[in-house]
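Taking it in order: structure first as structure tokens, then the write-up.
The values are calculated or read from the model by the stated rules, or taken from the named source; none is laboratory data. The structure presented is a predicted model; accordingly, all values stated were derived computationally and were not measured. Using ideal geometry, Cβ is built from the backbone for each residue, glycine included, and neighbour counts are taken over all protein chains shown.
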Amino acid sequence: MTVKKAVIPAAGLGTRFLPVTKSMPKEMLPIIDVPVIHHVVQEALASGIDDIIIITGRSKRAIEDYFDDSPELEMHLAKKHNSDLLDMVREISSLIDIHYIRQKEPLGLGDAVLRAEKHICDDPFAVLLGDDIIKNNTPCTRQLIDIYNRYRCSVLAVENVPEEMVSSYGIINGRPLEDMLYLLEDIVEKPKVEDAPSTLGAIGRYVFTPEIFDHLKRTPRGVGGEIQLTDGIRSLKNSQNVYAYEFRGRRYDTGDRMGYIEAIIDFALDQDELQDDLRAYMRQVLER
């Protein structure tokens, strides 16, 4: 069975971006003029996904409004004969089927994924974190789906992270199988660097078989008093093979202030109407 469904957890409080995230979802922070979560949804769409479940929480209504129809705005643009903007606004609301499930308490990523069980049923599915953007000609999620299609097992995306960041990730111990691919032997949530089995950290992209739900149900609260997805994966690999793949692409952690700034600069440099002025401004700043 092919992967056609995806879960996007977007219920986090965004504490690294306070105070703006007090009233604005971190997933709606703009990369120039497009919110982060739009890029995530576009990746799912480009990977062959046609059914998305976004896990939201309190103060996340702006996400639903963004992907919904906007009759007043469309009427205004139509009266102004601004067909380009009108087409853009209508395209956003017709991108893909999106459903919303609320996580009532912030009980962790594992609990957020578990909220989607009734919608996923017995299908394999992807998970894309709502504050990670990954640029590559072949979307990261598509790369994972290709691995899933070969092995019919769960697979997670990993990348080498700096030692000082090891304690912020789920770190894997994997047995190399081929270029960039590992058989998962263990995964540890946010270890101290001296206790970490490697510097390969799980980032915000996964493809799971539906068996992950049973393991999440049995997972006790872990680090931070939350149900950790990492702990569910650790349990799952004891009953079936789980793979880790060093994806190809450039990842931006937009939940981190520096990662967010890097994304804005790089995306601006990709835009013909901005790149020359931005380069000129950056040269001025560096010469000060």
Boolean, I53 is modelled with pLDDT of 85 or more and touching a Gly at 6+ places or on another chain (Cβ under 6 Å): no
Of all residues making up region 178-210, the number that are surrounded by fewer than 17 Cβ atoms within 10 Å (Cβ to Cβ) and over 19 Å from E159 (Cβ atoms): 4
Region 197-210, residues that are touching a residue at least 40 places away in the same chain (Cβ under 8 Å), part of a loop (DSSP other than H, G, I, E, B) and in contact with a helix residue (DSSP H, G or I) (Cβ under 7 Å, 6 or more places away or on another chain): P210
Of all residues making up region 17-55, the number that are of a type outside the set (S, T, Y) and loosely packed, with under 15 Cβ neighbours inside 10 Å: 10
Any hit, region 239-247, residues being free of Cβ contacts under 8 Å to residues at least 60 places away in the same chain, farther than 26 Å from E43 by Cα and in the same structural domain as D186 (by TED's automatic domain parsing): yes
Of residues in region 248-288 being more than 18 Å from P35 (Cβ to Cβ) and touching a residue at least 24 places away in the same chain (Cβ under 8 Å), the one surrounded by the fewest Cβ atoms within 10 Å (Cβ to Cβ): R250
Matching residues in region 117-138 - criterion: being of a type in the set (V, I, T) and surrounded by 15 or more Cβ atoms within 10 Å (Cβ to Cβ): I120, V127, I133, I134
Residue ID - nearest to the chain's Cα centre (by Cα), chosen from residues in region 97-115 that are farther than 18 Å from R58 by Cβ and aliphatic (A, V, I, L, M): V113
Output for region 35-62, where each listed residue is of a type in the set (A, V, I, L, M) and either under 18 Å from H119 (Cα atoms) or without any contact (Cβ under 8 Å) to a residue 60 or more places away in the chain (or both): V41, A44, L45, I49, I52, I53, I54, I55, A62
Any hit, region 149-161, residues being in contact with an Asp or Glu (Cβ under 7 Å, 6 or more places away or on another chain) and either free of Cβ contacts under 8 Å to residues at least 24 places away in the same chain or β-branched (V, I, T) (or both): yes
Region 83-128, residues that are of a type in the set (D, E, K, R) and modelled with pLDDT under 80: D84, D87, R90, E91, D97, E105
Tabulated pairs, region 1-17, first touching a residue at least 12 places away in the same chain (Cβ under 8 Å) and at positive phi, second assigned to a loop (DSSP other than H, G, I, E, B) and buried (at least 24 other Cβ atoms within 10 Å of the Cβ), C-beta under 9 angstrom, 6+ apart or interchain: G14/P25; G14/D131
Matching residues in region 211-224 - criterion: being in contact (Cβ under 8 Å) with a residue 12 or more places away in the chain, of a type outside the set (F, W, Y) and assigned to a helix (DSSP H, G or I): I212, H215, L216, K217, V223, G224
